[in-house]
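Have a look at the structure below before the remarks.
What follows draws every value from the coordinates through simple rules; no lab data is involved. Just so we're clear, the structure is a prediction, and the values are computed from it rather than from any experiment. Every residue, glycine among them, receives a Cβ derived from its backbone with ideal geometry; neighbour counts consider all protein chains shown.
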Amino acid sequence: MSHASASLKFASIPLLIVALSLSACSKKPPEGLPPAPGDSTDYYSSGDGPIKGSQEDFLANVAGDRIFFDTDRSNVDSEDQEILRSQAAWLVANPSVRIRVEGHCDERGTREYNLALGERRANAAKNYLSTLGVNLSRISVVSYGKERPDALASDEQSWSNNRRAVTVTVR
């Protein structure tokens, strides 16, 4: 055996070791395939109703996910308090759930004014929930101002529907 063929033979050993190592580390196939698009599997339901602690469970068991405000106001009135009491009771029963309170405004006013007003509205709901025993660390707030209207018309009914704070569960 010549010196060149011996060198070639020994040079290929590390390549063989690397190839064998890589093939041993290949991924295992998944246990099952994900559902096809349009599959009717409901990931938010256990078959007996919504999964405990989900947004669907929240919506099914509280008086409402939103409270409404008068023009240029951020105070929580007695009707809002009833809804927030219902939300607080659900949150106390589901202590691992975090929420986000989203503040919204109608289309009137400047963007800056409405962002500030939406934040005041979200904070008013957050602060009231905290007085009912919901830990502030579980509540975040965001203001969308007039950027996410619920109703698109430019009339008093639409404006009143858009002046709101909405509570959403966060995973």
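All but one of (1) without any contact (Cβ under 8 Å) to a residue 40 or more places away in the chain; (2) assigned to a loop (DSSP other than H, G, I, E, B); (3) under 18 Å from the mean Cα position of the chain (by Cα) hold for Ser137, so report the exception by its number.
If we test Ser137 against (1) without any contact (Cβ under 8 Å) to a residue 40 or more places away in the chain; (2) assigned to a loop (DSSP other than H, G, I, E, B); (3) under 18 Å from the mean Cα position of the chain (by Cα), just (2) comes out false.
Which pairs do you get when a residue that is on the phi < 0 side of the Ramachandran plot, found in segment 142-163, comes within reach of a residue that is part of a loop (DSSP other than H, G, I, E, B) and of a type in the set (S, T, N, Q), reach meaning Cβ atoms under 9 angstrom, with the pair 6+ apart or on two chains?
Partner pairs satisfying both residue conditions: Trp159/Thr71; Ser160/Thr71; Arg163/Thr71.
Restrict the check to segment 157-166 and report whether at least one residue is of a type outside the set (S, T, N, Q), surrounded by fewer than 19 Cβ atoms within 10 Å (Cβ to Cβ), out of contact with any Pro (no Cβ under 8 Å at 6 or more places or on another chain) and part of a helix (DSSP H, G or I).
Looking for residues that are of a type outside the set (S, T, N, Q), surrounded by fewer than 19 Cβ atoms within 10 Å (Cβ to Cβ), out of contact with any Pro (no Cβ under 8 Å at 6 or more places or on another chain) and part of a helix (DSSP H, G or I), one finds at least one in segment 157-166, hence yes.
Residue-wise test of (1) touching a helix residue (DSSP H, G or I) at 6+ places or on another chain (Cβ under 8 Å); (2) over 20 Å from Gln55 (Cβ atoms); (3) charged (D, E, K, R).
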| position | (1), (2), (3) |
| --- | --- |
| Asn75 | yes, yes, no |
| Ile99 | yes, no, no |
| Gly103 | yes, no, no |
| Gly109 | yes, yes, no |
| Ala122 | no, no, no |
| Gly145 | yes, yes, no |
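For residues that are touching a residue at least 24 places away in the same chain (Cβ under 8 Å) and among the acidic types (Asp, Glu), scanning just segment 58-95, find the one that is surrounded by the fewest Cβ atoms within 10 Å (Cβ to Cβ).
Asp70
Is it fair to say Arg100 is touching a strand residue (DSSP E or B) at 6+ places or on another chain (Cβ under 6 Å), surrounded by 14 or more Cβ atoms within 10 Å (Cβ to Cβ) and not small (Gly, Ala, Ser)?
For Arg100, the condition - touching a strand residue (DSSP E or B) at 6+ places or on another chain (Cβ under 6 Å), surrounded by 14 or more Cβ atoms within 10 Å (Cβ to Cβ) and not small (Gly, Ala, Ser) - is met.
Counting only residues that are farther than 14 Å from Ser143 by Cα, in a helix (DSSP H, G or I) and in contact with an Asp or Glu (Cβ under 9 Å, 6 or more places away or on another chain), how many does segment 72-120 have?
Number of matching residues: 3.
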